[in-house]
Amino acid sequence: MFLLALTLLCVQLLCGAAGAWAGGPWGAAAGVALGSWLYWLWQGWRGLRVLAWLRQQGEPPVLHGVRGLWGEALDRTRRLLRQHERHVAASDARLQAFLQALQASPNGVILLDARGQIEWCNQTAAEHFGLDAERDLMQSIGNLLRAPEFSAYLAAGDFRQDVQLTGSASTSTHPVRLSVHLHPYGEGRRLMLSRDITQVEQADAMRRDFVANVSHEIRTPLTVLAGFVETLQTLPLEEDERARYLALMAQQAQRMQHLVQDLLTLSRLEGSALPGLDNWTDVRQLLARCEQEARTLSAQVTPAGAPPQRLTFPTAQQLAQCGALAGNPEELHSALSNLIGNAVRYTPAGGSISVDWQCLPDGGARFAVRDSGPGIAPEHLPRLTERFYRVDRSRSRDSGGTGLGLAIVKHSLQRHGATLQIRSVLGQGSEFSALFPARRVRGAAASEKV
Ligand code: ADP
């Protein structure tokens with residue numbers, strides 16, 4: 001302000017002096033007036049330039065070397081502008097980071113405005129509902145999602161619960177189920193979250209089926225047992241008849257025992273830590289134990305007078321090279337003996353069962369059981385390892401099967417990184433094999449005892 005007044009005074013003095021020199025006291029007065037006019041015109045011109053720049057919001061004009069009123073106003077405006085730009089850039093970066101976080105979310109996220117139009121959606125939501133994250137912006141969600149359940153949910157306006165819908169990519173072989181939940185926020189805005197619940201629903205269905213199956217499997221022998229008990233209590237029976245009934249009761253009790261045993265094995269497999277790589281099992285001993293059990297079982301299932309089954313097992317030399325397996329000995333035994341046991345139980349008298357152990361070129365090993373039994377039709381093969389799945393129910397029960405054997409085998413093998421392969425031709429026989437990865441196989445010499 002002081003500078004401004006000083007400049008004005010200097011201009012007035014200079015112009016006054018020039019006027020006095022040219023025209024005496026009247027000239028001096030005219031000079032002072034002219035100087036004032038010129039000064040204010042100059043200031044006005046500079047002010048207009050600043051104003052023009054403020055209107056256009058372009059580059060600030062450079063008023064060279066002037067530190068006056070307009071220069072300071074310009075400087076301060078420029079500083080404020082830079083501060084504002086920095087603030088906008090920081091807000092923009094924060095917004096981008098926030099959107100990136102929402103983009104990384106495993107759940108679908110859609111931001112809806114007060115009219116239900118999509119303001120933003122992440123890729124997961126686009127996949128869930130078959131949307132295009134760019135093209136469908138500002139489209140009404142009600143127009144894009146036409147599922148009646150969703151329309152009703154949107155119309156009801158009660159968003160305390162979620163609604164379950166079928167995903168856009170759902171097919172009959174690969175169903176996709178979604179849980180969709182709207183959360184109001186801001187002024188009429190809504191946050192729409194979607195979550196893939198296919199696996200949760202499948203697990204629920206499996207749990208329900210499992211409980212129903214277990215109840216059914218237990219109820220059948222229990223009903224039979226209760227019937228025999230009642231007969232024994234109410235009817236006067238001959239000694240041999242009584243003995244026959246008791247034998248049948250023992251059979252049913254044993255069936256329940258096997259079922260409980262298999263259920264416990266499954267629950268142990270599901271609940272225990274994965275077998276490590278530091279416990280080595282000698283395959284020779286493992287197969288010797290399986291062979292003994294198989295021969296006993298074969299003798300039990302072969303009817304009196306019928307030709308015996310032919311069982312072949314690998315020789316000690318065949319087992320020497322890659323004869324040690326890393327893992328849980330009991331689980332390995334359970335898997336291999338179940339496969340051999342099935343071959344024995346399903347192969348008729350006089351049939352052949354051959355067990356094979358092979359080292360693979362990649363360092364792994366292959367265990368295989370081949371039988372000359374009835375074989376399995378191709379449509380059953382993909383479902384054989386499901387719990388309680390049986391090709392022939394009565395045959396399985398007659399042979400003492402629980403329907404859980406192959407489920408246990410698959411689970412045990414998976415825990416050891418091994419895969420189960422099933423090949424079978426109806427009427428010709430089956431081959432069940434387990435492929436063990438190289439990291440779980442080594443030579444027998446270094447192995448420890450089972
Ligand atoms: P189960 O206790 O009934 O034997 P599994 O899970 O061990 O149950 O086997 C499932 C079904 O697979 C069996 O019911 C049987 O129909 C079929 N199966 C398994 N192994 C053989 C085999 N070696 N030959 C023919 N069928 C088999």
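The values are calculated or read from the model by the stated rules, or taken from the named source; none is laboratory data. The structure displayed is predicted, hence computed values, not measured ones. Don't worry about glycine lacking a Cβ; one is built from the backbone with ideal geometry, like all the others, and counts go over all protein chains shown. Each accessible area value is taken on the protein alone, full model and side chains, heavy atoms only, with ligands, DNA and RNA left out. Shrake-Rupley method; radii C 1.70, N 1.55, O 1.52, S 1.80 Å.
Positive end of the charge dipole of the chain (Lys, Arg +1 and Asp, Glu -1 on Cβ, about the Cα centre): tell me which of Val229, Gly108, Leu246 has its Cα farthest that way. Most positive-ward Cα: Gly108.
Arg79 exposes around 150 Å² of accessible area when a 1.4 Å probe is run over every protein chain in place.
What's the extension gain from Leu13 to Gln414 if we count 0.36 nm per residue and subtract their Cα-Cα distance?
On the way: separation 401, 0.36 × 401 = 144.36 nm, distance 10.25 nm.
Extra length from Leu13 to Gln414 when fully extended: 134.1 nm.
Given charges of +1 on the Cβ of Lys and Arg and -1 on the Cβ of Asp and Glu, with all other atoms neutral, how large is the dipole of the chain about its Cα centre, in debye to the nearest 20? Present the calculation step by step, with values, prior to reporting the outcome.
Values: 45 positive and 42 negative charges, 261 e Å.
So the magnitude is around 1260 debye.
Rolling a 1.4 Å probe over the protein heavy atoms of the chain, with every protein chain left in place, gives an accessible area that is 58 percent carbon and sulfur.
Quick one: accessible area per residue over the chain, 1.4 Å probe, rounded to a whole number of Å²? Walk me through the numbers before you get to the answer.
Details: 26760 Å² over 450 residues.
So the chain comes to 59 Å² accessible per residue, rounded to a whole number.
In the stretch 211-272, inverting the average of 1/r over every pair of distinct C-alpha atoms gives 13.1 Å as the Kirkwood radius.
May I ask you to compute the full-extension gain from His183 to Met256, defined as 0.36 nm times their residue separation minus their alpha-carbon distance, rounded to one decimal in nm?
Values: separation 73, 0.36 × 73 = 26.28 nm, distance 5.10 nm.
Full extension from His183 to Met256 adds 21.2 nm.
Estimated translational diffusion coefficient (Stokes-Einstein, Kirkwood radius over Cα pairs, 25 °C, 0.890 mPa s) of the stretch 275-449: 150 µm² per second.
Neighbours of Ser352 by Cβ distance under 9 Å: Lys/Arg scored +1, Asp/Glu scored -1, total +1. Between the residues Ala147, Trp21, Val200, the greatest Cα displacement towards the positive end of the dipole of the chain, with unit charges on the Cβ of Lys, Arg, Asp and Glu, is found for Trp21. Mean shadow of the stretch 119-270, computed from the convex hull of its alpha carbons, in nm²? The directionally averaged projection comes out at 15.5 nm².
The P(r) of the chain has a tail past 32 Å containing 67 percent of all C-alpha pairs. For the chain, the list of Cys residues with no other Cys C-beta under 4.7 Å reads Cys10, Cys15, Cys121, Cys290.
For the chain, what is the percent of antiparallel DSSP beta bridges, rounded to the nearest 5?
Working: 47 of 50 bridges.
Within the chain, antiparallel bridges account for around 95 percent of the total.
Counting DSSP beta bridges with both partners in the stretch 290-385, what percentage is antiparallel, nearest 5?
70
Around Arg207, what is the net charge, scoring Lys/Arg as +1 and Asp/Glu as -1 over all other residues with Cβ under 15 Å from its Cβ? Each step should come with its number before you reach the end.
On the way: positive: Arg208, Arg387; negative: Glu201, Asp204, Asp209, Glu270, Glu386.
My count for the surroundings of Arg207 gives -3.
Among the protein heavy atoms, those of Phe2 account for about 150 Å² of accessible surface (1.4 Å probe, every chain in place). Taking all protein chains as shown and a probe of 1.4 angstrom, Tyr185 keeps an accessible surface of around 90 Å².
For the stretch 146-210, with only Lys/Arg (+1) and Asp/Glu (-1) charged at the beta-carbon, what is the dipole magnitude about the Cα centre, in debye rounded to 20? Provide the component values of the computation, followed by the final result.
Working: 8 positive and 8 negative charges, 18 e Å.
Once rounded to the nearest 20, the dipole reads 80 debye.
Looking at the stretch 84-153, what % of the alpha carbon pairs are farther apart than 21 Å?
On the way: 814 of 2415 pairs.
Above the 21 Å cut-off, the stretch 84-153 has 34 percent of its Cα pairs.
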